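Structure, as structure tokens:
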Amino acid sequence: MGKIDSLDVILTSPTNNNIFFAGQQVTGVLRLRLSGSGPSPDSTTTRIRQIRLEIFGRAATRWTRPNGRYTSVYKGEEVYLNCRVVVWPLDEQPAPRDDHLPAGSYEFPFVFDIPPNCPGSFEGPYGNIRYFCKAIIDQPWSFDQKFKTMFNVISILDLNTHPDAVRPLKDAKLKKIGLLNSGGQIECMVDIERCGYVPGEKIPTNFTVTNNSSKVIKLIVVKLEERGWYTGAASFFTSTKGDVRLVAEMKSNEGVQPGRSQIWNGYSLPIPPINASILNSRIINITYKLIIEVLPVMQKN
């Protein structure tokens, strides 16, 4: 009886790094190499019932929480892609018991579609969204031979379909400082041309800081935070777990003296390559928040 020397799955990606878009049709090839184990006819063929691929994509969450003497484990799962492609035999039915494949190299092409509403691949501290393609060689009277390869999905987020994305943002915050607010107050007014941006763009931020306090403002920090919410269940209880991650930051050492105002125009924060906001998953929600921190000098006693 022959044997399986190698099994591989090659996905046809324009970037050659297994990255695809939601809604895209993916093509690929399953490569199989068989060898014989002896001179007899039976030893030069390999019995194979079926060769297939299983394509799967899902979100999974998990974290633990102390609960008295016990520890509760919260978990969640949501499936976005689950399909099977049979590449041999082509009628998608199990092969007859006497079907054999001679020794040699084989290539089996395949194709599958990524649903357009799939969220993008994501890795977080309490959950992830992963996609993979698994090749399976189904052999009678033997363990199945398997090979799994991961691929990444980029979700399509059309900002034109989100009215809030093109809406200008204006906001003002007032902070009183000192014991019993005796140190005065600091005001920050922010003006951003729109709320939606994509990786590679810069967020042009215009803001004004008015220092009506007795402290000198020494530092201005503009940062972009990724905020994740994970949903899971333990027994009959459902809970959420939050996480905050800094993805971009810029600092300005231009101080603002007491009783003065300072205007920053076109203070642009570059957006690094990050995941799009995940809004179409029931167990993982990812959004982004722009924060401006005004840090006064605190006197030591």
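No lab work stands behind these numbers, since they all come straight from the coordinates. Just so it is clear, the model here is predicted, and its values are computed rather than measured. All Cβ positions, even for glycine, are placed from backbone atoms using ideal geometry, and neighbour counts span all protein chains on display.
Can you tell me which lysines have their Cα less than 24 Å from the Cα of Lys176? Leave out same-chain residues fewer than eight positions away.
Lys215, Lys218, Lys223, Lys251, Lys289, Lys300
Positive end of the charge dipole of segment 3-154 (Lys, Arg +1 and Asp, Glu -1 on Cβ, about the Cα centre): tell me which of Asn16, Leu90, Phe108 has its Cα farthest that way.
Asn16
By how many nm would the segment from Ser261 to Thr64 lengthen if fully extended, with 0.36 nm per residue of separation less the alpha-carbon distance? Intermediate values should be presented prior to the final figure.
Numbers: separation 197, 0.36 × 197 = 70.92 nm, distance 4.78 nm.
66.1 nm is the gain from fully extending Ser261 to Thr64.
Gain in length, Val297 to Glu107, computed as 0.36 nm per residue apart minus the alpha-carbon separation, to one decimal in nm? Before the final figure, lay out the partial values.
On the way: separation 190, 0.36 × 190 = 68.40 nm, distance 6.83 nm.
Here the answer is 61.6 nm.
Taking other Cβ within 10 Å of each residue's Cβ, how do Phe21, Phe236 sort, fewest first? Before the final figure, lay out each step's value.
Working: Phe21 15, Phe236 5.
Fewest-to-most Cβ neighbours within 10 Å comes out as Phe236, Phe21.
Just how many pairs of Lys in segment 52-174 have C-alpha atoms closer than 30 Å, counting pairs that are eight or more places apart or on different chains? Could the numbers behind the result be given before it?
Working: Lys75/Lys134; Lys75/Lys146; Lys75/Lys148; Lys134/Lys146; Lys134/Lys148.
Taking the Cα cut-off of 30 Å, the pair count is 5.
Once R0 is set to 30 Å, what does the formula 1/(1 + (r/R0)^6) return for the Cβ-Cβ distance between Asn253 and Glu123, expressed as a FRET efficiency to the nearest 0.05?
Numbers: r = 34 Å, r/R0 = 1.14.
Taking R0 as 30 Å, the efficiency between Asn253 and Glu123 is 0.30.
How would you rank Tyr230, Tyr288, Tyr70, going from fewest to most other Cβ atoms within 10 Å of each one's own Cβ? Walk me through the intermediate numbers first.
On the way: Tyr230 26, Tyr288 18, Tyr70 8.
Going from sparsest to densest Cβ surroundings: Tyr70, Tyr288, Tyr230.
Starting from segment 110-144, pick out the chymotrypsin sites (Phe, Trp or Tyr not before Pro) whose DSSP state is loop and whose Cβ has at most 11 other Cβ atoms within 10 Å. Intermediate values should be presented prior to the final figure.
Numbers: sites: Phe110, Phe112, Phe122, Tyr126, Tyr131, Phe132, Trp141, Phe143; in loops: Tyr126, Trp141, Phe143.
Answer by residue number: Trp141, Phe143.
Could you check the spin-label model distance between Asp191 and Ala234? Points 7 Å from the Cα along Cα→Cβ, value in nm.
5.0 nm
Taking +1 at the Cβ of each Lys and Arg and -1 at the Cβ of each Asp and Glu, which of Ile274, Met150, Gln50 sits farthest along the dipole of the chain towards its positive end, judged by Cα position relative to the Cα centre?
Projecting each Cα onto the dipole axis, the largest value belongs to Ile274.
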